[in-house]
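First the structure, in the form of structure tokens, and then the observations on it.
Please treat every number below as a calculation from the coordinates, not as lab data. Just so we're clear, the structure is a prediction, and the values are computed from it rather than from any experiment. Reconstructed Cβ throughout: ideal geometry from the backbone, glycine too, with neighbour counts over all protein chains shown.
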């Protein structure tokens, strides 16, 4: 295959709507981003940013890191990781060293992350981040 044919082939492979349906994948990643926005909104001012960043592609799926930034103190803290398979679900969460729950839909994903954020250790960390950002 020459260079132009190769470019055309890759463009066709990546064309929107080609291959697998991406709706469930987008729903899962979209819910993670909504949760990040909600956490960011819980901090006052523009001192804390929360992002969902793509990481490595692994057997569980595409890794997404739920990251909190406090520029003032140069803090980058990964609260948890989520692994989203190509068809969207089940999403595997890496919350604690021994806990990796699977979420079969958007509602379950939201509930598991909210439960994680309410955990005393995570809540304490978020309150500490609030103090660092003040």
Original post:
For region 74-97, how many residues meet the condition of being free of Cβ contacts under 8 Å to residues at least 60 places away in the same chain and out of contact with any strand residue (DSSP E or B) (no Cβ under 7 Å at 6 or more places or on another chain)?
Top reply: 3
**OP:** Quick one: which residue in 54, 41, 124, 118 is free of Cβ contacts under 8 Å to residues at least 12 places away in the same chain, exposed (fewer than 14 other Cβ atoms within 10 Å of the Cβ) and under 11 Å from the mean Cα position of the chain (by Cα)?
**Re:** 54
Original post:
So is residue 100 more than 19 Å from residue 33 (Cα to Cα) and touching a strand residue (DSSP E or B) at 6+ places or on another chain (Cβ under 7 Å) or not?
Top reply: yes
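Okay, residues lined up against (1) surrounded by fewer than 18 Cβ atoms within 10 Å (Cβ to Cβ); (2) outside any strand (DSSP E or B); (3) over 14 Å from the mean Cα position of the chain (by Cα):
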site: 80; (1), (2), (3): no, no, no
site: 88; (1), (2), (3): no, yes, no
site: 107; (1), (2), (3): yes, yes, yes
site: 110; (1), (2), (3): yes, yes, no
Original post:
For region 22-78, how many residues meet the condition of being within 19 Å of residue 111 (Cβ to Cβ), in a helix (DSSP H, G or I) and touching a helix residue (DSSP H, G or I) at 6+ places or on another chain (Cβ under 6 Å)?
Top reply: 3
